[in-house]
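One structure is given here, and the rest of the page talks about it.
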Amino acid sequence: MNDTPPRKAVHKAADDRLALYDALLCLKTREELDAFLADLCTPSELRAFAERWAVARLLDEQLQSYREIASAAGASPTTVVRVARFLREMPHQGYRLVLDRLKTKA
């Protein structure tokens, strides 16, 4: 049995992702983003996003051990290691892009 999704489903998923990106990019304020994400995500999904972002910010500061970061962010050590790997090794560099932009904005 073939476990690969049909080509049409893959293209639809990509189109849906792009439509989501467009929706996020059209929001203008924190309040608008909060309202949209509250409708789009479950509370636990939002907590997970916020937790990963807290871990990324703490890792970027380079002031604490992974264990201390996990404790401060309320995250598991596995989450800290995963976010650290994305900051260091992954080609997308999304965390790095946003961290650097926020530094120059401040």
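No lab work stands behind these numbers, since they all come straight from the coordinates. It should be emphasised that the depicted structure is a prediction, and the values quoted were computed from it without experimental measurement. Reconstructed Cβ throughout: ideal geometry from the backbone, glycine too, with neighbour counts over all protein chains shown.
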Exercise for the section: Within 10 Å, count the other beta carbons around each residue, average over each peptide in 78-84, 41-47, 63-69, and list them highest first. Expected result: 78-84, 63-69, 41-47
Handout entry: DSSP H segments from the chain that extend 18 Å or more along their own axis, Cα-based, with Kyte-Doolittle mean of -0.5 or above
Key = 7-25, 43-61
Problem - Electrostatic dipole magnitude of the chain [Cβ: Lys, Arg +1; Asp, Glu -1; Cα centre; debye, to 20] - result: 340 debye
Exercise for the section: Give the residue from 78, 37, 23 lying farthest towards the positive end of the charge dipole for the chain; charges sit on Cβ (+1 for Lys and Arg, -1 for Asp and Glu) and the dipole is referred to the Cα centre. Expected result: 78
Handout entry: the chain, relative contact order in percent, only Cα pairs under 8 angstrom and at least six apart counted
Key = 16 percent
Fill in the blank from the handout: For the chain, Rg(Cα) over 2.2 N^0.38 Å is 1.29
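Run the helix sum for the chain: -39,500 (n - 2.57) per DSSP H stretch of 4+ residues, divided by residue count, reported at 222 nm to the nearest 500 deg cm²/dmol.
-24500 deg cm²/dmol
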Problem - lysines with Cα under 28 Å of residue 103, excluding same-chain neighbours fewer than 8 positions away - result: 28
